[in-house]
1. On the protein heavy atoms, probe 1.4 angstrom, tell me the percent of accessible surface of region 102-204 carried by carbon and sulfur.
2. Might you work out the accessible area of Trp446 for me, using a 1.4 Å probe with all protein chains in place, and round it to the nearest 10 Å²?
3. If you build the convex hull over the alpha carbons only and average its shadow over all orientations, what do you get for region 301-393? Give it in nm² to one decimal.
4. Residues with amide H under 5 Å of Ser377's amide H, sequence separation 5 or more or different chain, H placed in the peptide plane at 1.01 Å from N; which?
5. With θ taken as phi - 60° and the coefficients 6.51, -1.76 and 1.60, list the Karplus ³J(HN,Hα) couplings across region 447-463 in order, rounded to whole Hz; mark glycine and proline as x.
6. How do Val217, Val419, Val142 stack up against each other in accessible area, from largest to smallest, with a 1.4 angstrom probe?
7. Placing one identical point scatterer on every Cα of region 69-188 and ignoring solvent, what is log10 I(q)/I(0) from the Debye formula at q = 0.14, 0.20, 0.23 Å⁻¹?
8. Note down the magnitude of the dipole of region 382-483 about its Cα centre, charges +1 on Lys and Arg C-beta and -1 on Asp and Glu C-beta and zero elsewhere, to the nearest 20 debye.
Amino acid sequence: MFHIGKANELSRRAFMRRSSQLAAMGAASGYAMGLAGLADAAAFSSGGGYKALVCVFLLGGNDHANTLIPYDSTNYARYNAIRGGTRDNGGIAIDQSALANQVLIPREDQVLTDDMQLALAPTMPGLKARFDQGVMAPLLNVGPLIVPLTRQQYETGNLQSFPRPAKLFSHNDQQSTWQSGLPEGALSGWGGRIGDLAASSNTNSMFTAINAAGNAVFLSGDQIQPYGISPAGAIEIGALGRDLYGSSAASSALQTLLTNANNHVFETDYAMANARSIEYAGFINDSLANVNLNTNFGSDNSLAQQLNIVAQLIAARNQIGVTRQVFLVATGGFDNHDGLIGTHEGLLAGVDFALNTFYSAMEEIGVADEVTTFTASDFGRTLASNGDGSDHGWGSHHLIMGGAVKGGQFYGTAPSISVESDDQVGRGRLLPSTSVDQYSATLAKWIGVSPSEIPIVSPNIGNFNSADLGFMREDVAVQAALA
């Protein structure tokens with residue numbers, strides 16, 4: 001029996017409860033009060049200390065097959081043949097000789113499908129070292145699902161008995177589905193719904209959800225809306241700090257245009273975001289003024305620059321008044337239908353530098369155990385080559401990193417290296433064996449969401465056997481508080 005209705009009812013009840021609390025607070029809620037108290041204290045356990053989730057979204061659909069690559073002789077031969085050989089042969093396979101130092105050897109005895117060994121892409125030595133350190137773990141073949149599906153069920157086309165996410169293989173739709181757990185057009189994302197529940201843990205809960213990536217549904221909640229940040233700090237509009245074209249009236253008119261709400265929901269959200277950025281820019285920049293990190297994020301990597309400002313905000317968490325936060329950063333270029341070899345390795349090198357440097361910053365700040373970074377993307381890609389690249393897929397592999405991660409081992413189920421096996425739906429498009437709802441539920445539990453409210457975060461979780469994939473270490477304080 002599907003539990004979609006139950007999840008929606010829980011979300012509706014939570015929304016109504018929090019809406020009534022907001023109405024009761026009225027105009028008294030400034031940034032010092034924020035939205036504190038909106039989430040039920042019993043529904044979320046802060047467990048003491050600080051915790052944050054950082055979502056790293058790879059825009060365009062990352063080619064997972066050249067990110068985690070089969071290394072053992074049997075599976076490498078299959079991979080190499082399906083991908084048309086290496087660059088020297090006109091194909092899109094990574095040369096096996098480049099993988100020798102990148103083989104991921106699990107800390108615990110793990111036997112993957114077909115005795116597979118997996119190597120991380122050769123341009124990702126930093127994350128290979130984090131795997132060996134025991135703070136990074138791959139999650140294999142995860143993607144959006146409404147219910148568990150077999151290939152036979154998928155091929156029936158019976159959407160009533162065997163529902164699947166709408167508009168598979170479409171960029172916009174699947175980005176939204178990944179970020180929200182709901183069809184494209186959803187108004188809230190699972191990061192924002194975590195923010196709704198976490199709000200009561202923060203003095204200034206306006207800064208619970210921080211978006212360094214631009215517009216995205218991931219951090220929108222029923223009540224919490226993301227606070228936008230740039231790599232340089234708070235977003236400021238220079239024309240509002242002076243007379244525009246020599247006219248104070250023009251400057252005032254611009255502020256009105258940017259911040260006045262109306263009856264259109266999206267324009268209202270835009271106006272609210274602008275108003276927050278304008279009103280609290282000074283507060284954020286003052287909080288960041290005394291942050292001095294020795295970790296060098298470089299200057300030519302946009303993802304690293306986004307993570308740099310995230311690191312600074314985390315370092316200033318006490319001044320800002322937060323103990324629970326969710327962040328979004330993003331980097332693009334992963335829609336590699338053409339020129340996969342060369343382009344993709346460079347993109348992964350950028351991701352490797354940014355994430356590895358960010359973990360070093362968390363160690364410097366002293367919160368490596370309290371911050372969990374994880375990747376997401378539109379979808380995976382076809383294992384089969386289209387000649388010079390790969391096409392849109394479904395399931396994919398993702399990486400989770402942090403001191404609280406049970407790293408050095410794999411989670412999920414390794415798919416067969418095949419275009420004919422039952423764990424793919426044509427041309428090597430992976431049929432996910434793990435759902436995004438399970439991914440989000442595991443992270444939500446770690447940050448403090450109670451079991452009873454996990455369905456608010458992960459609306460399809462009732463259709464799956466487990467709401468905890470086991471890749472996070474047990475937090476004794478949180479578990480005791482929830483008992």
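The values are calculated or read from the model by the stated rules, or taken from the named source; none is laboratory data. Keep in mind it's a predicted model, so treat the numbers as computed, not measured. No Cβ is skipped: glycine too gets one built from the backbone with ideal geometry, and neighbour counts run over all protein chains shown. Surface accessibility is based on the protein's heavy atoms, side chains included, excluding ligands, DNA and RNA. Shrake-Rupley method; radii C 1.70, N 1.55, O 1.52, S 1.80 Å.
1. The computed percentage sits at 49.
2. My reading of the accessible area for Trp446 is about 10 Å².
3. Details: hull surface 26.6 nm².
Directional mean of the projected Cα hull area for region 301-393 stands at 6.7 nm².
4. Leu58
5. In residue order, the calculated couplings are 6, x, 5, 6, x, 5, 10, 4, x, 5, 6, 10, x, 9, 5, x, 8 Hz.
6. Largest accessible area first, the residues go Val419, Val217, Val142.
7. -0.88, -1.08, -1.13
8. 180
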